[in-house]
Amino acid sequence: MKVIITAGGTGGHIYPAISIIDKIKKMDKSCEILYIGTTNRMEKDIIPNMNIDYEGIKINGLSKNPITCLKCLTSTLKGIDKCSKIMKSFKPDVVVGVGGYVTVPVVLAAHKLNIPIILHEQNSVPGKANKFLSKYANVVCVSIKDTLKYFKNGVFTGNPRSEVVLNSKIGDKSKYNLNNNKKLVLITYLDWTYKQPDKITADFFTIPLVSQCINKINKTLIKYADASSLFSYEAALKPHIEKYSSIFNNVSLKLNNADKALSNEELLQKQKKTDYILPELLKRVYNHGRYAMYSCAGHTAPRLSGLWTGEWNMLWRSAYTMDANVNIQVSGMNTCGMCDAGKGYIWFVLKQIPDWEINAKAVYGMKNAVLTPVNTDGHRAMMVEYDINYPFQYWNAGASWMIIPIYEFMQVYGNVTITTHDENIIRIYNKNIFRIKEDILLPLLAKTFNFWEQLCTPEYFTDSNGNARFVKGKTSLEPDEKYLIIPSFSPENKPLGYKSAITANAAMDIAAAVDSLNMYKNILSDIKPNGYQKTLEKITHLISCLPVYMFDKSGAIKEWSMNEYKENNAHRHISHLYCAWPSSETQHNHALASACRQAIINRNRENTGKDDTASHGWIHKALVEARLKNPEAVYNTLLLLFKSGIFYNTFFTDHNTDRSKGVFCTDTLLGIVGIINEMLVYSDECTVELLPALNTGLINGEICGLLTKCGIKINRLSWDNNKRSVYIDISALRDTSFNLIYDNESIHLDMKSGEQTLHKFLH
């Protein structure tokens, strides 16, 4: 007997199909089995690995989108033709369809050739494919009796379960304080994406996420089983170390290791009783943060929370939050030489850009512009959150902030070419090879420029006294007037006395506009595309017309550059300090730097209580303080975090310093990497500054492997405050010219690619 089995898409279809194959083989050992699946779904890997003959066809699923429907029809017709040829060659006695879009062309081809057809439906409510195909089938087998009402030719058979799933072993239950003689039932909770069933039935195992998790768990258990067929952690760890140790060891931090013998738990307990940062703890957290970043690098940005943290019930839908969290998480990515992480971040952004364009058009009516949402699931980035307290649709600075890590990637690695295998990116851009400047930064910054140019109109402006004005039909600004950025939003704060956070002239918007426009100027000047000079003139004019920062009575930069608004310092977010970090306006503007320092002082004084526990707020402050070259403030902020209860024994971190959220969050852990990097080395395209924010509490140490934004690698940077000396060993990754600065000493260096130099500073 010859049988063709077809199923695809999810484990809920594939594993019942495998079970059917196993049963057929037991009944007839001479039976020939051919499996037809897709060329791009999970079955293409699972089935051939089980020594089952496999043929793959291309198929598109249905959608409300007419273009997608056309693609589905085209792929189905091609699939029928290919399946007909396969069947004429294989000559099956019966075709068994177990669900998924791939079954459509297979079953239709079988019907065309008058081959008997059996369908199997696992769900209580039939899927689209089986509903459509049932009229061509000789019989439809159902897993649930209630499902019979959907089919005239239905029979109740139950749902076959694969032995691969049923026979999985977890080993000795007693180590989990469980009775080995009793059955173990695992109950999990799935948040947001999937509706949790009232009771566990066969339907539960058709949920894609459940099927995928079961499949991956079983593959791992089998791959790293010991002689007793039990999972071996040591066996799984060994190839991991061999593969990633060289990457991990590219950067190393050495500090006083007096507490090296202490466990993580002992270190954390000792830290709570100590009024200074334990160097060993700082080093371990830094290394763990780098490792966590490496572990989730390559395809996307790190999530705020996720299944990989060991949690099923994840807060905030395990989304990517781009008004601080993602930005903090990747703060140390480029300078730590995490090239793969940088590429993953770039793919993460590129997949969103079509949705960013839709957002700009939907919210503002703009053309060829981008508007970034605060949240994304990593697949779509549509504007879906509208709220009086959090008017995310008017967060204008998002695209600029998301571009900065890509621009920094270019500064660190140069104008490199990167390649992707992501089918979604290839589909969007019709290519898989991208040059950082020409293919990514240039078009994206152009869309960002278009956004600011279309948002700023002479009808809305501030006069010479900073008062907001509106004159309908006004076509140009007077010399003493500036644009009014309206609407505006400074996430996630609002002025005192205001019911809504919809405002005007948020300092974050001003800084983001200036920064993105300057990035665009730099890229245009490097590439020099046709007509770039005229664009440069437009950019320069727009920058000159943007609102200026305003300062309150204390001398602090105002969160909104408007006379009408009163500052609200009782808030965890410091979005208005964008000009210090992630931008670097304050590096050459001492008055602005001083205003930012005062703003943090005001926040620390007034933001107390529950809102003060949010760890990302403290991380954000420390990043800003490091960029402002305020060693004492950086140290004290880190000390506060290290003495709090934020760290679990694994060094994963909670969202709140008092662990009140009870969830693993990555922004604090990964953000600490960025803080330490900024504390030890500041760089831009023409500057490398050593130890700009290092507190004397860290008496001596060494960092090796950091990269800079002017193409310099820090082979070794060591300091010894007792000997009052700093030693630096650097090499050039490309031809570069920069100033090497330590304390009040500055040395100008011109270095050729591959050149190495050493220098010692005494203070």
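Read-outs throughout are calculated quantities, based only on the coordinates presented, and are distinct from any laboratory measurement. This one's a predicted model, so the numbers in the text were calculated from it and none came from an experiment. Note that we place each Cβ from the backbone using ideal geometry, even for glycine, and neighbour counts take in every protein chain shown.
Would you pull out the residues with amide H under 5 Å of ILE57's amide H, same chain only if 5 or more places away, H placed 1.01 Å from N?
Amide H neighbours of ILE57: GLY37, THR38, THR39.
What is the range 2-163 by shape, rounded, prolate or oblate, if you read a ≥ b ≥ c off the alpha carbon gyration tensor as root eigenvalues and call it rounded for a/c under 1.5, prolate for a/b larger than b/c, and oblate otherwise?
It is rounded, given that a/c, with a ≥ b ≥ c, falls under 1.5.
Using every pair of alpha-carbon atoms in the range 329-485, split the distances into 10 Å bins beginning at 0 and state the percent of pairs per bin, rounded to integers.
Values per bin, smallest distances first: 10, 33, 32, 17, 8, 0.
Answer with a single label: of [x] 94, 67, 42; [y] 107, 73, 69; [z] 86, 72, 55, which was calculated as Cα extents along the principal axes in Å from the structure in view?
Evaluating Cα extents along the principal axes in Å on these atoms matches [z].
Summing +1 for each Lys or Arg and -1 for each Asp or Glu, what net charge is found among the other residues whose Cβ lies under 14 Å from the Cβ of TYR291?
Around TYR291, the surrounding residues sum to +3.
Here is the link list: LYS447/LYS494; LYS361/LYS534; LYS78/LYS437; LYS219/LYS643; LYS566/LYS621; LYS474/LYS566. Which ones come out longer than 31 Å on Cα distance?
LYS78/LYS437; LYS219/LYS643
What shape does the range 621-757 have by the C-alpha gyration tensor, where a ≥ b ≥ c are the square roots of the eigenvalues, rounded means a/c under 1.5, and otherwise prolate means a/b greater than b/c and oblate the rest?
prolate
By counting other Cβ atoms within 10 Å of each Cβ, how are LEU762, LEU278 ranked from fewest to most?
Lowest to highest Cβ neighbour count: LEU762, LEU278.
Output wanted: per-residue J couplings in Hz (rounded whole) for the range 126-141, from phi through Karplus 6.51 cos²θ - 1.76 cosθ + 1.60, θ = phi - 60°, x for Gly and Pro.
Karplus-based 3J(HN,Hα) across the range 126-141 equals x, x, 4, 5, 5, 4, 5, 7, 4, 5, 9, 8, 6, 7, 10, 8 Hz.
Would you grab the residues whose amide H sits under 5 Å from the one on LEU706? Only those 5+ places off in sequence or on another chain, please, with H modelled 1.01 Å from N.
Under 5 Å from the amide H of LEU706 lie the amide H atoms of ILE714, each far enough along the sequence or on another chain.
Please report the antiparallel percentage of the DSSP beta bridges confined to the chain, to the nearest 5.
65
Arrange SER134, SER246, SER331 by Cβ neighbour counts within 10 Å, fewest through most, would you?
Neighbour counts put them in this order, fewest first: SER246, SER134, SER331.
When only DSSP loop residues count, what chymotrypsin sites (Phe, Trp or Tyr not before Pro) in the range 347-426 have their Cβ near at most 15 other Cβ atoms within 10 Å?
TYR386
What whole number of Å gives the distance from the Cα centroid of the range 38-59 to the Cα centroid of the range 492-571?
53
Could you give me the ³J(HN,Hα) list for the range 520-535, computed from phi with Karplus coefficients 6.51, -1.76, 1.60 and θ = phi - 60°, whole Hz, x at Gly and Pro?
Values, residue by residue: 4, 4, 5, 5, 4, 5, 6, 7, 6, x, 4, x, 5, 4, 5, 5 Hz.
Can you work out ³J(HN,Hα) from phi for every residue in the range 259-268, in order, using Karplus 6.51 cos²θ - 1.76 cosθ + 1.60 and θ = phi - 60°, giving whole Hz and x for Gly and Pro?
Along the range 259-268, the couplings run 9, 4, 6, 6, 6, 4, 4, 5, 4, 5 Hz.
I'd like the distance between the alpha-carbon centres of the range 724-763 and the range 630-700, rounded to an integer number of Å.
One Cα centre to the other: 26 Å.
Summing Lys, Arg as +1 and Asp, Glu as -1, what charge do residues with Cβ under 12 Å from the Cβ of GLU453 carry, GLU453 excluded?
With Lys, Arg at +1 and Asp, Glu at -1, the neighbours total +3.
Would you compute, from DSSP H runs of 4+ residues alone, the mean residue ellipticity of the chain at 222 nm, taking -39500 (n - 2.57) per run and dividing by the full residue count, rounded to the nearest 500?
So the calculated ellipticity at 222 nm is -11500 deg cm²/dmol.
Near ILE502, within a Cβ-to-Cβ distance under 11 Å, what is the net charge of the other residues, with Lys and Arg +1 and Asp and Glu -1?
That sum, taken over residues with Cβ under 11 Å, equals +1.
Scan around LEU691 for amide H atoms under 5 Å from its own, H built in the peptide plane at 1.01 Å from N, and keep only partners 5 or more places away or cross-chain.
VAL681, TYR682
When the Cα centres of the range 322-357 and the range 395-437 are compared, how far apart do they sit, in Å?
Comparing the Cα centres of the range 322-357 and the range 395-437, I get a distance of 9 Å.
Structure shown: which of LYS58/LYS149; LYS29/LYS183; LYS283/LYS713 lie over 29 Å apart, alpha-carbon to alpha-carbon?
The answer is LYS58/LYS149; LYS29/LYS183.
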